[in-house]
1. What are the residues whose amide H is under 5 Å from the amide H of ALA16, where those residues sit 5 or more places off or on another chain and H is modelled from the backbone?
2. Once you list every other residue whose beta carbon is under 15 Å from the beta carbon of ASP98, what net charge do they have if Lys and Arg are +1 and Asp and Glu are -1?
3. How big is the accessible area of LYS43 in square angstrom, nearest 10, if you roll a 1.4 angstrom probe over the protein chains?
4. Using a 1.4 angstrom probe on the protein heavy atoms only, line up TRP105, TRP36 by accessible area, largest first.
5. Based on Cα positions only, what radius of gyration and what Dmax would you give for the chain, in angstroms?
6. Once phi is turned into θ = phi - 60°, what whole-Hz ³J(HN,Hα) does the Karplus curve with 6.51, -1.76 and 1.60 give for every residue of region 92-97, x standing for Gly and Pro?
7. Convert each backbone phi in region 69-75 into a coupling constant with the Karplus relation 6.51 cos²θ - 1.76 cosθ + 1.60 (shift: θ = phi - 60°), then list the ³J(HN,Hα) values in order as whole Hz, x for Gly and Pro.
8. If we sort 89-99, 49-59, 72-82 on the protection proxy, mean other Cβ atoms within 10 Å, highest first, what's the order?
Amino acid sequence: QVQLVESGGGLVQVGASLRLSCTASGTIASPNVMGWYRQLPGKGRDLVAMMSTGGNTNYADSAKDRFTISRDNAKNTVDLQMYNLKVEDTATYFCNMDFGGVDYWGQGTLVTVSS
């Protein structure tokens, strides 16, 4: 049973930095794509950033130049380094990993940016 566990969320002020981490357990396979999504209450999940096994990345426009995604294939971890956080970055952040075409999601970690 693959499980993803996120950490690193919290309450920060505008302009602060925060690093989210996600680790997969329960498998020795390596995921194809790793990514981060965020969700507001009552809304769908929106892509923040993703990275392929080969290192290709895709960022939401709102994340470009402020967020950096990284992954460790040996440890099955994916991190999201967030800089210069804005109030509008407030959301629950979910990590996602694709293992052989099957999507797995973490439980979510709340990021709150206050002014």
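The values are calculated or read from the model by the stated rules, or taken from the named source; none is laboratory data. Note that the structure is predicted; figures quoted are calculated from it, not measured. Quick reminder, even Gly has a Cβ in these numbers, built from the backbone with ideal geometry, and neighbours come from all protein chains shown. When the accessible area is computed, the model is the full protein with side chains, heavy atoms only, and any ligands, DNA or RNA have been set aside. Shrake-Rupley method; radii C 1.70, N 1.55, O 1.52, S 1.80 Å.
1. It is LEU85, by chain and number.
2. Result for the neighbourhood of ASP98: +1.
3. 130
4. The most accessible residue leads, giving TRP105, TRP36.
5. 13.4, 42
6. With the stated coefficients, region 92-97 comes to 8, 9, 10, 8, 9, 9 Hz.
7. 9, 9, 9, 10, 5, 5, 9
8. Output ranking for 89-99, 49-59, 72-82: 89-99, 72-82, 49-59.
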